[in-house]
Amino acid sequence: MVYEKKTPIILLLFACCLVFSCNKGKKSLSTIHVDTAVLPVAHAEEVTSLISDSGITRYRMQTAVWDIYTGDTLSYWYFPEGVYLEKFDSIFTVEGSIKADTAYYFQEKDLWRLVGNVKIQNLAGYRFETDELFWNKKEPPFSKNAIYTDKFVRIENGDRIVTSIGLRSNQDMTDYTLYFNTVETVVNDNPPPND
């Protein structure tokens, strides 16, 4: 991604300007050490980004705050104020969407961790809700281990609601397995007639 390669250069220029502006009349230069495990190397607000896969635009991401951390042992993106993702097909029809209150993306693992009010809608119109969800993009698209959670899950499709603890699914959320205490409820807006 071009954005990642420009980040160190932009930060270096910013640090130089800061050092020179703080040293009015002084002839010495100071070195500024930044701990990238604690402070982000990049911070952006009100971001809309298009993400490609194999040269084809597949995702659109929107977020209020995007921080990038590049520590020695772990590099990740952090979305403290939430994230919204849409997945497109080859003609830009929205196939599904994901929304969460907080998100992390671990670059080396190609893994998303979505936390708080996670809401997903797939192409078939199923709506999934949970408190935490992992999306492993390295898994093959049809693997049932690509998206998973061990938390409470609520799935709504029309007038049917299914709840469970735990879910494993493919990336499209079309082939999934539920675990532990699955309950199916049929929602009916028409009350039975009074006799």
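Each reported figure results from applying straightforward, stated rules to the coordinates on display, with no laboratory input. Because the structure is predicted, anything quoted here is derived from the model rather than measured. Every residue, glycine as well, gets a Cβ built from its backbone with ideal geometry; the counts of neighbours run over all protein chains shown.
Quick rundown of the values:
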| item | result |
| --- | --- |
| Positive minus negative residues near ARG60 (Lys, Arg vs Asp, Glu; Cβ under 13 Å) | -1 |
| Top positive-direction residue, dipole computed over segment 29-188 with Cβ charges, set SER143, GLN62, SER75 | SER143 |
| Karplus 3J(HN,Hα) series, Hz, for segment 76-85 with 6.51 cos²θ - 1.76 cosθ + 1.60 (x for Gly, Pro) | 7, 9, 10, 10, x, 10, x, 8, 10, 10 |
| Kirkwood Rh in Å, taken over segment 64-168 so that all alpha-carbon pairs contribute | 14.6 |
| Summed side-chain charge close to LYS138 - residues other than LYS138 whose Cβ falls under 11 Å, Lys, Arg +1, Asp, Glu -1 | -1 |
| Using distinct alpha-carbon pairs, which all enter the 1/r mean, Kirkwood radius of segment 36-115 in Å | 13.3 |
| Formal net charge of residues neighbouring ASN117 (Cβ-Cβ distance under 9 Å; K, R +1; D, E -1) | -1 |
| Efficiency of FRET from Cβ geometry, THR48 and ASP72, R₀ 30 Å, rounded to 0.05 | 0.45 |
